[in-house]
1. Looking only at region 54-73, count how many residues are in contact (Cβ under 8 Å) with a residue 12 or more places away in the chain and either within 17 Å of residue 87 (Cα to Cα) or hydroxyl-bearing (Ser, Thr, Tyr) (or both).
2. Would you confirm whether any residue within region 121-132 is open to solvent by 10 Å² or more (accessible area, probe 1.4 Å) and at positive phi?
3. Just name the residue that is surrounded by the fewest Cβ atoms within 10 Å (Cβ to Cβ) out of those in region 84-94 that are of a type outside the set (A, V, I, L, M) and part of a helix (DSSP H, G or I).
4. Going by the structure shown, is residue 81 surrounded by fewer than 17 Cβ atoms within 10 Å (Cβ to Cβ) and assigned to a helix (DSSP H, G or I)?
5. Of the residues 238, 174, which single one is touching a residue at least 24 places away in the same chain (Cβ under 8 Å) and part of a helix (DSSP H, G or I)?
6. Within region 174-207, work out how many residues are under 17 Å from residue 25 (Cα atoms) and touching a Leu at 6+ places or on another chain (Cβ under 9 Å).
7. Restricting to region 1-25, what's the tally of residues that are at pLDDT 90 or above and more than 30 Å from residue 238 (Cα to Cα)?
8. Residues being out of contact with any helix residue (DSSP H, G or I) (no Cβ under 8 Å at 6 or more places or on another chain) and at positive phi: count how many of those fall in region 169-206.
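The values are calculated or read from the model by the stated rules, or taken from the named source; none is laboratory data. From a predicted model like this one, the values you see are computed outputs, not experimental measurements. Methodologically, a virtual Cβ is constructed for each residue, glycine included, from the backbone with ideal geometry; neighbour enumeration extends over all protein chains shown. In case anyone asks, the SASA skips ligands and DNA or RNA and just uses the protein heavy atoms, side chains included. Shrake-Rupley method; radii C 1.70, N 1.55, O 1.52, S 1.80 Å.
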Amino acid sequence: METTLQIYHTSFAFRNREFPIENGKALQFIYSSKHSKTKGGLFAGTATTNVFRNPKFKKAMTAMQSECCSPDEVIVGPDFHQSLYCHLLCGLIFHEEIQLVSSTFAHSIVLAFRTFEQVWEELCDDIREGVLTSRITFPSVRSAMAKLLKPNPELADLIEKKCSRLSNWYGLIPELFPNVKYIYGIMTGSMEPYLKKLRHYAADVPLISADYGSSEGWIGANINPSLPPESTTYAVFPNIGYFEFIPLKENVEEHMQENGNVSFLSTEPKPVGLTEVKVGEEYEVIITSFA
């Protein structure tokens, strides 16, 4: 948790210098699944579950003016689809206060607004009547949403008007959230294929790729947030783990031939340290964490 907060705070400082936000809320599509127990009695869960369920997470988001607009009950809700619906509803209720839209991965943001295309009329009905749809079945989630949901026909009419004038949902995000400054989530690597659809929803709203990490540990922060996601670079944090880098060979067969057909495993290059990497070369990252 400590290294997570260190990464969050550092990247936010650079991000907020380029795209300052002020006392706003964040529409965060985040989900915290339940912990389970292994046969050996150990707690098991996703890395993000441990983060989102930690009390320090909420404090950090508030300090970074990125407080989630959804109640905790929605984040820890036991059903993904119900939580997603409620995240969208909360975003609409606080539509003028939303200054950033985020999720762990770009895919989750795209999925959220694809879902919005299908359920927006039902969301408008909830807002108009002030009554939550029957599709939300968990008492804790219904109770939390009831505190936020009041009849608001004016807002329902506004959302309907905005949605009806969009062409193929282009620019949906700034249309719904007029004060949004940027969209934030991991957008590199396997998330790059979702950028085209995300840009369609975002129109001119900047896309900023989140930090570089893995379930095993964090690696680096995005300290150049003005770059497009395809050009994102990360600064490695040498104090949150011990990092080594294995140089990647472009052609395994060539490498084996050069070494007299010796097994590739025995000829794999030795790892180098953080100060020994060379610009332009590709490496596989080895993390040794404090755990």
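1. The number of residues fulfilling the criteria is 10.
2. The initial filter retains those residues of region 121-132 that are open to solvent by 10 Å² or more (accessible area, probe 1.4 Å), namely 121-122, 125, 128-132.
Keeping just the survivors that are at positive phi gives 130.
For region 121-132, residues open to solvent by 10 Å² or more (accessible area, probe 1.4 Å) and at positive phi: present.
3. Filtering region 84-94 down to residues of a type outside the set (A, V, I, L, M) leaves 85-87, 90-91, 94.
So of that shortlist, the ones also part of a helix (DSSP H, G or I) come out as 85-87, 90-91.
Details: 85: 26, 86: 29, 87: 25, 90: 23, 91: 26.
Looking at residues that are of a type outside the set (A, V, I, L, M) and part of a helix (DSSP H, G or I), I get 90.
4. Details: surrounded by fewer than 17 Cβ atoms within 10 Å (Cβ to Cβ): yes; assigned to a helix (DSSP H, G or I): yes.
Taking the combined requirement at face value, the residue satisfies it.
5. Numbers: 238 fails: part of a helix (DSSP H, G or I).
Just one listed residue meets the conditions, 174.
6. Here the count works out to 9.
7. Residues flagged as at pLDDT 90 or above and more than 30 Å from residue 238 (Cα to Cα) within region 1-25 amount to 1.
8. Counting residues in region 169-206 that are out of contact with any helix residue (DSSP H, G or I) (no Cβ under 8 Å at 6 or more places or on another chain) and at positive phi gives 1.
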